[in-house]
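What follows draws every value from the coordinates through simple rules; no lab data is involved. Keep in mind that this is a model prediction, so the values were computed, not measured. Glycine gets a Cβ as well: all are built from the backbone with ideal geometry, and neighbour counts include every protein chain shown.
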Amino acid sequence: MVRQATNKLLQNAKKSKKDEFYTQLCDIERELQYYPNSFVNKVVYCNCDDPDVSNFFRFFRDNFHKLGLSKLIASCFREIDNNSVQIQNDKRAFYCVYNGTDEPMFVAPFRGNGDFRSEECMELLQQSDIVVTNPPFSLFREFVSQIVKHNKQFLVIGNVNAITYKEIFDLIQNNKAWLGVNLGRGISGFIVPEDYKQYGSEVHVNEAGQTIIATNGCLWLTNLELNKRHEDINLTKLYLGNESKYPMYDNCDGININKTQDIPKDYCGLMGVPITFLHKYNPEQFEIVRFRKGDDGRDLRVNGKCPYFRILIRNRRLQHIKRVV
Ligand SMILES: C[S@@+](CC[C@H](N)C(=O)[O-])C[C@H]1O[C@@H](n2cnc3c(N)ncnc32)[C@H](O)[C@@H]1O
């Protein structure tokens, strides 16, 4: 129940466009350890990050030399009240540039509100190689689309449901983006304003006095090279002899599978797997054929019922075999 409430909270954040979930340093460190050579001589841009509070900024500043960065840029967003004639300096959106020296950092206010889509932020994007941040949930697809359009690399946090967005799924299917290492409980929680306390046991206060909400519904999405995505899923199950465990779809010539670990090693046709499969997906082992829909263009059905979002895949390693089943 409580977990449902938490996931609902994230959905509400998306709907209300509140987006007030701040990433913990421990979660950034836990993911970033898997990209040891990706940052050498690169310019990193954290474009939804107030450098005064962002743990992304803190991580890259503190690990600047270890990662071999060439520059770090961070910029923050401030909603502008169009009615106020003059915006006080401390309320302005701004950006900063750190080049790894002891000299004072370059800090400058934006003319506008620091929206990642603004001309000023786009200029900073052009100067950078890799965008790393936790962007607003409500603008996730637009955010990723912009980075991809500008041929930049990225490592960003999103909601697991983002996989089901057409724009994001297409990137994954076409091998232009993939899931990072940590997913679900692998991201321990977000720093939220104190008034989220009402959500009970999923919320705790850490040693620093920050309110943390645990979530089960987030992922890292990236196009940075990752060893994990070249590792085969170890398949142990057999289809032959266990046909009844793998019902055929009503509207597609393929079998339904409820858990990634149940993918049989001897089935060369279409298989519908849950979206969490993507966490283990190796594009050399499997081909992603289609998302969610059967041959009739409607949601995949088994005995009249639609299992939750299925991805149709095919085992590439068996494609030399003539269909045996
Ligand atoms: C989920 S919070 C994450 C903050 C920070 N990146 C982190 O991980 O701790 C999303 C942030 O995006 C900012 N934001 C909201 N709309 C934005 C926009 N259009 N352009 C840039 N940043 C935006 C919010 O101010 C908020 O700080």
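In plain terms, the chain is cut at each of the trypsin sites (Lys or Arg not before Pro) found in a DSSP loop with at most 14 other Cβ atoms within 10 Å, and the longest leftover piece is 18-110.
Looking at the chain alone, DSSP beta bridges between its own residues are antiparallel in about 70 percent of cases.
Among Met248, Met271, the order by Cβ neighbours within 10 angstrom, fewest to most, reads Met248, Met271.
Between 0 and 90 degrees, the angle of helix 2-16 with respect to the longest Cα principal axis of the chain falls at about 60 degrees.
Axis of helix 140-149 versus longest Cα principal axis of the chain: the two differ by about 90°, to the nearest ten degrees. Within a straight-line Cα-Cα reach of under 15 Å, Lys66 can be paired with the following aspartates and glutamates, leaving aside sequence neighbours fewer than 8 residues apart in one chain: Glu29. The modelled label-to-label distance between Tyr165 and Lys293, using points 7 Å beyond Cα along the C-beta direction, is 2.0 nm. Highest mobility in the GNM of the chain, judged by mean-square fluctuation with C-alpha springs under 10 Å and restricted to Gly297, Gly254, Gly184, is found for Gly297.
Across region 247-259, rounded Karplus estimates of 3J(HN,Hα) from the backbone phi angles (6.51 cos²θ - 1.76 cosθ + 1.60, θ = phi - 60°) give x, 6, 6, 6, 10, 6, 7, x, 10, 8, 10, 8, 9 Hz, Gly and Pro being marked x. Connecting C-alpha atoms closer than 10 Å in a GNM of the chain, tell me which of Gly209, Gly269, Gly189 has the biggest fluctuation. Greatest mean-square fluctuation among the candidates belongs to Gly209. The label point for Asn113 and the one for Arg30, both projected 7 Å from the Cα toward the Cβ, are 3.3 nm apart. Would you mind calculating the relative contact order of the chain from Cα pairs under 8 angstrom and at least 6 residues apart, reporting the percent as a whole number? Once divided by the residue count of the chain, the mean separation gives 14 percent.
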